[in-house]
1. Just the residues that are touching a Pro at 6+ places or on another chain (Cβ under 8 Å) and crowded, with 22+ Cβ neighbours inside 10 Å, please, taken from the range A:371-401.
2. Residue check: is residue A:101 surrounded by fewer than 22 Cβ atoms within 10 Å (Cβ to Cβ), in a helix (DSSP H, G or I) and either within 14 Å of chain B (Cβ to nearest Cβ) or more than 15 Å from the chain's Cα centre (by Cα) (or both)?
3. Restricting attention to the range B:263-290, which residues are within 30 Å of residue A:198 (Cβ to Cβ) and either crowded, with 21+ Cβ neighbours inside 10 Å or in contact (Cβ under 8 Å) with a residue 12 or more places away in the chain (or both)?
4. Could you tell me which residue of the range B:299-327 is surrounded by the fewest Cβ atoms within 10 Å (Cβ to Cβ), considering only residues that are within 10 Å of chain A (Cβ to nearest Cβ) and either more than 23 Å from the chain's Cα centre (by Cα) or of a type in the set (S, T, N, Q) (or both)?
5. Tally time: how many residues in the range B:43-78 are loosely packed, with under 13 Cβ neighbours inside 10 Å and within 13 Å of chain A (Cβ to nearest Cβ)?
6. Does the range A:156-176 include one or more residues that are assigned to a loop (DSSP other than H, G, I, E, B), in contact with a Phe, Trp or Tyr (Cβ under 7 Å, 6 or more places away or on another chain), free of Cβ contacts under 8 Å to residues at least 12 places away in the same chain and more than 14 Å from chain B (Cβ to nearest Cβ)?
7. Taking the range B:239-262, which residues are surrounded by 23 or more Cβ atoms within 10 Å (Cβ to Cβ), of a type in the set (A, V, I, L, M, F, W, C) and part of a helix (DSSP H, G or I)?
Amino acid sequence: MEPVGVAGTETRKELTLNMGPQHPATHGVLRLTLDLDGETVIRCTPHVGYLHRGIEKLAETRTYQGVMPLTDRLDYVASVANNVGYCLAVERLFGIEAPDRAKYLRTIAFEMSRISSHLLWLATHALDIGAMTVFLYCFREREWLLDIFETICGARLTVSYPRIGGVLQDMEPAVLESLEAFTRMFPEKILEYETLIDKNRIWLQRTQGVGVISAKDAVRWGLTGPTLRGSGVSYDLRRDVPYDAYDRVQFEVPIGNKGDVYDRYRCRMEELRQSNRIIQQCIAALPEGDILASDAPELDMPISGKKELVPEMSLGNASLAFGDRVSVAPKGEIYSAVEVPKGELGFYLMSDGTGNPCRMRVRSPSYVHAGALAKMCEGGFIADVIAVIGSIDIVMGECDR
Amino acid sequence: MELLVTIAKTVLYVAAVFGVTLLHVAYATYFERKVIGRMQGRIGPVEVGFRGLLQPFADMVKSLFKEDIIPAAADRTLFFLAPVIVVASVMTSLAVIPFFNNGAIANLNVGVLFIFAMASLAVYGIIVAGWSSNSKYSFFGSIRSAAQVISYEIAMGISLAGVFLMAGSVNLNDIVLAQREQPLGMFAVLQIVGFVVFVISAFAETNRTPFDLPEAETELVAGYLTEYSGFRYALFFLAEYISMYIMAALIALCYLGGWALPGFVTRALPFLEQVPGIIWFLIKVYAFMFFYFWVRATLPRYRFDQLMAIGWKILIPVSVVNIVITAFVKRWLM
């Protein structure tokens, strides 16, 4: 405990509280240092980097396809969204176009991951504010989606389902039926969550007018996704820069107006309904055809040069030596972004013609949002900090990369 | 010789009451987990024993065998003492609760006041726990707890004053007997305002959702419990559950007619008179325990300033108005 004033000397009123990286409500390993006056937060300083795995640098040593599993580990609760974001960047860079069926399948998987991410967000956000039943209700429905992912591609969380120029494999009719059953049941379940918290006085008192950020500030801080839309700025890459099948489905972009925790909560709840609608439309309009572009280059092998095993000294030291690097891909660079559940996820890719990306940089929404925490938490109470962290839906895997 | 027999009888009765209460506490955790599990679409404990019935004992054994960790910077003496203060003062309150007619260990004339005194004493344990842990989270938790319990004790005491006025006594046994002539055989009808205030305060007093701020898991990790582990941690939990029982018992005794049934029920079905009073008492207590758990599964948590605002700006004024009205009615209309 720091001394709160010693007789005869200067009086210090502030108390510095270190919240995280090990804390039940910092959603992973976010660390905040809070300068407190009583329970009021005077200053909030976010610290990131506790989950840094060097994904961007690692990508330079992988083949284009080999980078895919790394993107799973960005926002691990919505891995398809990252996969698609990365695939689109590569496709746009190399001028590949996925076939129609693949586009629809990707959109379905994308929205499934959005629902499962938003469900996890709602679960933890509600738990942070103390409503523990919502947590288990959300996990119940999320389980169904994860099971569907498992049937599609064998993995539940880090799926790597999309491929550059398409998807890994087709969805069986049984899967689509199960998914359709899910979309029929889901709106009812959203109502169930809302019955518990939407009009609950305690919930309203905890969220309304808390963590307010104005539209102007939100844009200045570079917020995106529901965190930005809660402040009343209508910006959604799915509608504004459509990719995959988003230009062929009808959906609305919900916006708030006050920019507080409650508006961000409402935005995400509406998005759950819209995502559900998108999946329904995609299943109904799913065209027949290929699932992988025929002009997709052979990007999964490192280089098309010859390979030979050069024995050195002993077998233990045997190393794989590659022949001269041959240009297998067009050169160029591109910034391509998609609307992931958290906001705008951008990939900046640079190709030098070899089979590996020369540079990859990720613009992750969680990182930007973590920065804006300082602005949103100032002047609130400790309990508000928790509500605000929940409302910006931060995932440290994506933030620290 | 006679004195020795009396002492032996008292000791045996005390041991029986405490033993039975501890058993009830053990199964309150089981009850809570089962009830909340049902509400949340889970099944609760099922593995240990038949339908998980031995789970409380498994938990107890586990916490007993855990390594006893004392933080290096903690004040060891106070750190040891804190859980003892809490458990001792909470358990002492059990002495004045009449489980059936004249069934209290000590039939004190100031029974209710004694319970309040002991509840206030338990706060010292919490403050000492937070202070001696030498951790900021514990410190915040204990400060919150002290402020909360003190504020809500005022509302609680004032709301009970209505009952004292109606019963003309502070003795719990007399309060129950005084309810016989009431509508439905309970004060909860005429003292409905006081009853509601008391129930809300009971949640705050025992640190239960939606007022579980002192140990708000997501904000303060575990509040004043943050640095505690193993059996010391279990002691705090024991104290929390006993105080839940005491609050439930107070509500049953002061507002719901205690061990007695409403007059019209016993007149309609006279054989119910033969059932021991403790059964009705326990049914009422467990109904309120169920309410505790139900609320926990339903509501989010208040923020600290909101909690204080409810206590000082709503509950205390309302309960003051309630006793003024009760006093007037009692003096001039009855």
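1. Residues satisfying the conditions are A:393, A:398.
2. Yes: the conditions hold for residue A:101.
3. B:288, B:289, B:290
4. B:305
5. Total satisfying the criteria: 2.
6. Checking the range A:156-176: at least one residue is assigned to a loop (DSSP other than H, G, I, E, B), in contact with a Phe, Trp or Tyr (Cβ under 7 Å, 6 or more places away or on another chain), free of Cβ contacts under 8 Å to residues at least 12 places away in the same chain and more than 14 Å from chain B (Cβ to nearest Cβ).
7. B:239, B:242, B:244, B:246, B:247, B:248, B:249, B:250, B:252, B:253, B:254
Yes/no per residue for (1) touching a Cys at 6+ places or on another chain (Cβ under 7 Å); (2) not aromatic (Phe, Trp, Tyr):
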residue	(1), (2)
A:139	no, no
A:142	no, yes
A:149	no, no
A:168	yes, yes
A:174	no, yes
A:180	no, yes
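The values are calculated or read from the model by the stated rules, or taken from the named source; none is laboratory data. A quick note: this is a predicted structure, and the numbers were derived from the prediction, not measured. Don't worry about glycine lacking a Cβ; one is built from the backbone with ideal geometry, like all the others, and counts go over all protein chains shown.
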